[in-house]
Protein chains: 2
Amino acid sequence: MLTPVAGGGLLDRRLFLTRGLVFSTATAVSPLILAKSTDSQLPSWMLKPGEPFSNYGKPSLHENKTIRWAMGNSMAPGNGVSWAPLHDLEGTITPNGLHFERHHNGVPQIDPAQHQLMVHGLVSNPLIFSIENLLRYPMRSIFCFIECGGNSNAGWRNIPIQTQVGYFHGMASCSEWTGIPLHVLLEEAGIKSSATWLIAEGADAAAMNISIPLDKALDDCIVALYQNGERIRPENGYPLRLVVPGWEGVLNVKWLRRLHLISQPSMTRNETSKYTELLPSGKARQFSFIMDAKSLITNPSLGYKMAKPGLYQITGLAWSGRGKITTVEVSADGGKTWAEAELQEPVMARCFTRFRIPWQWQGDQVTIKSRATDETGYRQPERETLIKQRGTNGYFHYNAVVSWKIQADGLISHVYT
Amino acid sequence: MLTPVAGGGLLDRRLFLTRGLVFSTATAVSPLILAKSTDSQLPSWMLKPGEPFSNYGKPSLHENKTIRWAMGNSMAPGNGVSWAPLHDLEGTITPNGLHFERHHNGVPQIDPAQHQLMVHGLVSNPLIFSIENLLRYPMRSIFCFIECGGNSNAGWRNIPIQTQVGYFHGMASCSEWTGIPLHVLLEEAGIKSSATWLIAEGADAAAMNISIPLDKALDDCIVALYQNGERIRPENGYPLRLVVPGWEGVLNVKWLRRLHLISQPSMTRNETSKYTELLPSGKARQFSFIMDAKSLITNPSLGYKMAKPGLYQITGLAWSGRGKITTVEVSADGGKTWAEAELQEPVMARCFTRFRIPWQWQGDQVTIKSRATDETGYRQPERETLIKQRGTNGYFHYNAVVSWKIQADGLISHVYT
């Protein structure tokens, strides 16, 4: 039953559907415990009434290490990143309190009664929408990831960074966003035929802005008011955020206040000096909007310690800005052989996809890694291939295969091969 | 384009996919505003850096009315309900801080290092699992609703209750739960052939317990450690909750500490004096585990006020413990005619399903309502039909059609016809 399907002890992805597996981690119950009344040795919390109810729940105090790790820019207060702790999470949804953030000038505290969204430029009727008005519009919901174009950029360094998954790849998160299809608002203003791009601008003190092709705006973008059921939180754009499924995070403008229709990109700072990638040729990639397929093993990963040889589940996340993930392969022998992982249903386009595969760890040193393929046939590259194409000075859009070395003593480190 | 498909102004569910709709809620931008620099009249929050980052986010202070409404039993402290404010939510996910709760003796504060799960009774090897051990087991994720068997019970009253949706139907919520398939843990203990039921018991001070058929336990139940990505919160069962997809909430035992395999139900309080339904015959329904199909319009609903005649979207939630929702029909003329609503993809089994339909409100008094059909062909009954079958003394499992009367002045009330 435990016949490997690939090197290093990888087992058939359907193994856990079979019956009667024994993991042997549990303790046998002593006859003494069974003989006693089950009322004996009750934990202290069963001996007195519990805490009162709360209007808005919080995580357990015992989970107070599961936080966003905030990294500020000491030269520019209000500029920085809060990383989602992907190594502590399971499933595919990122809870709202832990969704990653990239801030340009802090978190504005916006009064929704005063906030307005203006649609102007190449339109026949420039319009201003209040939040109250927008709440009456038709909505739709999309499960999708948002990933910063600069996520995983430590991968370009010559020496593998030794941090937990979340502090390396945690500028990506996944939510159910609900809001108004962007085309409804643009069309109400009357799009002129000369319009081909729009500038989206936020109401933070940086007035963060960027150009977006009109085709994408009319396709699947939404002006989101809700994240995972409730109104969006201040750090993620309250009261309005533009959601641009599958495209780099900077386009998903928070605190959205202005949509300016234009006939060519406006060459703002965020599409010229930033969010472009210097290539070995000396030229730079520009408007590299789509986030290519990526995957990584979240457990086991750096920061975990393997307990002892035995049966384990390797699990992680995969996603692609081009559509659905079709396959995630896992290797437990450093890439010599690969086995297909199980994808958790439902697999949704432009959404985190959880993969899992059973694994018999023999207790020897191995390197585990994953690679994703999406529905366009694109396969996540090895680091060597990516660097060959793009050099090491591009900073953005790093999506190479991630490898974890597991030592015989159970310790785990990040390696490049 | 705005040709009704049913009485009261219901429009084709695909209408919002067409282009160029005008809702006319927006204000035209005056030439004065457009002529000015866009830097003029900036809101105050654009004139100074925003707030610092936080390790764990919170909702905006402007949304502090979106809370669980807690209803305690003054005769029995620790006993009560916290209602999910479904009228304030959109999409299908309930955020963790707002997931409904039903408490029997308060919220225990459990130290996960001391918590244990015992599997005993009709097994060959009684076992005790620590949380640390359980975290190594294979996991799977399920999007599913949990609904208290007593949800919507105000519907049995002779006079329609006049409260917002959440305080009437908010003992239902929907999350992505991740944990260990229950069959893996039971089989590791070795299920004896005489076992046909199990008692699940919680570690709260009520030692809440209930009997569950072994067939269901081996089918799709999970011992959940994660809710919407993060570890389950204290109020929802930290560190362990049994998830029994589609079956009444009381079976989804929180703070799970014991699984006792037995050969017949143990006739605990929660399956005899409670969670059974007295029928007109004088007999009671027992083991009425599955939550039948239900739907309700969340917007517009009681507590909203219609602004003025015009184009609107009617939206709400539908779910069924028997599988997927296949159809939700909406009526805007008190049930004379019905039109099919659009179901938000992906439609998942035993999961909240968001429905939406465009509606042209003419400004006259109308009654709107919805009815759901699931993949077994079961259709949500009218109240009259339900009462004919079950009388009015059953308390649990109320799932009749919900009707909202919209007056010409825009005010909304709950009615029975």
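All of the numbers you see were taken from the coordinates with simple rules; none came from a lab. Worth saying up front: this structure is predicted, and the values here are computed from it rather than measured. Note that each Cβ is placed from the backbone with ideal geometry, even for glycine, and that neighbours are counted across all protein chains shown.
Among chain A residues, which Cβ is nearest the axis of the A-onto-B rotation, and at how many Å?
With distances in whole Å, chain A gives A:Pro346, 2.
Select from A:Leu225, A:Cys174, A:Leu259 the residue farthest towards the positive end of the dipole of the stretch A:160-300; place +1 on Cβ of Lys and Arg, -1 on Cβ of Asp and Glu, and compute about the Cα centre.
Selected residue: A:Leu259.
Over chain B, what is the relative contact order in percent, taking alpha-carbon pairs closer than 8 angstrom and at least six residues apart? Show your work: numbers first, answer last.
Details: 964 pairs, mean separation 73.8, N = 417.
18 percent.
How many Cβ atoms of partner chains, on average, are near each residue of A:102-110 if near means within 10 Å of its Cβ? Numbers along the way, then the final one.
Values: counts 0, 5, 2, 4, 7, 8, 8, 7, 7.
Across A:102-110, the average partner-chain Cβ count within 10 Å equals 5.
Shortest first and in nm with one decimal, please list how far the B:Ala307 label point sits from its counterparts in the other copies (point 7 Å along Cα→Cβ).
When each copy's label point is compared with this one, the spacings are 5.7 nm.
Find every distance from the label point of B:Thr392 to the corresponding label point in the other copies (7 Å from Cα along Cα→Cβ) and write them in nm, one decimal, shortest first.
Copy-to-copy label distances at B:Thr392, shortest first: 7.9 nm.
How much of the DSSP beta bridge set in the stretch A:236-355 is antiparallel, as a percent to the nearest 5? All intermediate terms of the calculation are to be shown ahead of the outcome.
On the way: 15 of 16 bridges.
Bridges in the stretch A:236-355 that DSSP calls antiparallel: roughly 95 percent.
Quote the relative contact order of the stretch B:294-415 in percent (integer), defining contacts as alpha-carbon pairs under 8 Å separated by 6+ residues.
Details: 279 pairs, mean separation 39.6, N = 122.
Relative CO of the stretch B:294-415 lands at 32 percent.
Please list the three semi-axes, largest first and in whole Å, of the ellipsoid equivalent to the stretch A:110-201, using sqrt of 5 times the eigenvalues of its alpha carbon gyration tensor. Can you show the working numbers first?
Details: eigenvalues 267, 62, 31 Å².
Working through the eigenvalues yields semi-axes of 37, 18, 13 Å.
Return the subset of B:Lys305/B:Lys336; A:Lys192/A:Lys283; A:Lys48/B:Lys254; B:Lys65/B:Lys305; B:Lys305/B:Lys405; A:Lys294/A:Lys324 for which the Cα-Cα distance in this structure is over 22 Å, preserving the input order. Could the numbers behind the result be given before it?
Numbers: B:Lys305/B:Lys336 24 Å; A:Lys192/A:Lys283 34 Å; A:Lys48/B:Lys254 17 Å; B:Lys65/B:Lys305 17 Å; B:Lys305/B:Lys405 11 Å; A:Lys294/A:Lys324 12 Å.
Among B:Lys305/B:Lys336; A:Lys192/A:Lys283; A:Lys48/B:Lys254; B:Lys65/B:Lys305; B:Lys305/B:Lys405; A:Lys294/A:Lys324, the Cα-Cα distance tops 22 Å for B:Lys305/B:Lys336; A:Lys192/A:Lys283.
Report, in debye and to the nearest 20, how large the dipole of the protein assembly as shown comes out about its Cα centre when Lys and Arg carry +1 and Asp and Glu carry -1 on their Cβ. Could the numbers behind the result be given before it?
Working: 80 positive and 70 negative charges, 38 e Å.
It works out to roughly 180 debye.
Taking the label point as lying 7 angstrom from Cα along the Cα-to-Cβ axis, what are the distances from A:Asp111 to the corresponding position in the remaining copies, in ascending order and in nanometres?
4.8
Would you tally the net charge around B:Asp88, using a Cβ to Cβ cut-off of less than 10 Å, leaving B:Asp88 out, and scoring K and R as +1, D and E as -1? Walk me through the intermediate numbers first.
Numbers: positive: A:Arg231, B:Lys65; negative: A:Glu230, B:Glu63, B:Glu90.
Neighbour charge sum, excluding B:Asp88 itself: -1.
Averaging over every viewing direction, what projected area does the convex hull of the Cα atoms of the stretch B:61-153 cover, in nm²? Before the final figure, lay out each step's value.
Numbers: hull surface 40.7 nm².
Mean orientational projected area (the stretch B:61-153, Cα hull): 10.2 nm².
Stokes-Einstein diffusion coefficient for the stretch B:1-135 at 25 °C in a medium of 0.890 mPa s, Rh from the Kirkwood formula over Cα pairs: what value in µm²/s?
Details: Rh = 22.8 Å.
D = 107 µm²/s.
What is the stretch A:246-332 by shape, rounded, prolate or oblate, if you read a ≥ b ≥ c off the alpha carbon gyration tensor as root eigenvalues and call it rounded for a/c under 1.5, prolate for a/b larger than b/c, and oblate otherwise? Kindly include the intermediate steps, with their values, before the conclusion.
Details: a/c = 2.83, a/b = 2.31, b/c = 1.23.
Judged from the Cα gyration tensor, the stretch A:246-332 comes out prolate (a/c at least 1.5, a/b above b/c).
Which percent of Cα-Cα pairs in chain B sits in each 20 Å bin, short to long?
P(r) over chain B, rounded to whole percents: 24, 51, 22, 3, 0.
How many times 2.2 N^0.38 Å is the alpha carbon radius of gyration of the stretch B:294-415?
1.07
Quick one: net charge of A:Gln360's neighbours, Cβ under 14 Å, K/R +1, D/E -1?
Values: positive: A:Arg13, A:Lys308, B:Arg136; negative: A:Asp12, A:Asp333, A:Asp364.
Result for the local shell: 0.
Using just the Cα positions, wrap the stretch A:213-269 in a convex hull and report its mean projected area in square nanometres, one decimal place. Could you put the intermediate results ahead of the total?
Working: hull surface 17.8 nm².
Answer in nm², one decimal: 4.5.
Please average, across the residues of B:18-25, the number of beta carbons from any other chain that are within 10 Å of each residue's own beta carbon, and give a whole number.
Taking the mean over all residues of the peptide, I get 6.
Within 10 Å, count the other beta carbons around each residue, average over each peptide in B:221-234, B:72-85, A:193-206, and list them highest first.
Values: B:221-234: 25.7, B:72-85: 17.4, A:193-206: 20.3.
Listed from highest to lowest mean packing, they are B:221-234, A:193-206, B:72-85.
Once a ≥ b ≥ c are taken as the square roots of the eigenvalues of the Cα gyration tensor of the stretch B:103-285, is the result rounded (a/c under 1.5), prolate (a/b larger than b/c) or oblate (a/b not larger than b/c)? Walk me through the numbers before you get to the answer.
Numbers: a/c = 2.02, a/b = 1.37, b/c = 1.47.
Because a/c hits 1.5 or more and a/b fails to exceed b/c, the stretch B:103-285 counts as oblate.
Shape verdict for the protein assembly as shown, please, from the Cα gyration tensor: rounded (a/c under 1.5), prolate (a/b greater than b/c) or oblate.
On the way: a/c = 1.91, a/b = 1.09, b/c = 1.75.
In terms of gyration-tensor shape, oblate.
Please give the peptides B:363-376, B:141-154, B:14-27 ranked by average Cβ packing (other Cβ atoms within 10 Å per residue), highest first, as a rough proxy for protection.
Working: B:363-376: 19.6, B:141-154: 23.1, B:14-27: 15.4.
Packing proxy ranking, top to bottom: B:141-154, B:363-376, B:14-27.
So how far, in whole Å, is the C-alpha centre of the stretch A:130-205 from the one of the stretch B:270-332?
If we compute the Cα centre of each part, the gap is 34 Å.
Provide the percentage of antiparallel DSSP beta bridges, counting only those with both residues in the protein assembly as shown; round to the nearest 5.
Numbers: 170 of 180 bridges.
Taking every DSSP beta bridge with both residues in the protein assembly as shown, the antiparallel ones total about 95 percent.
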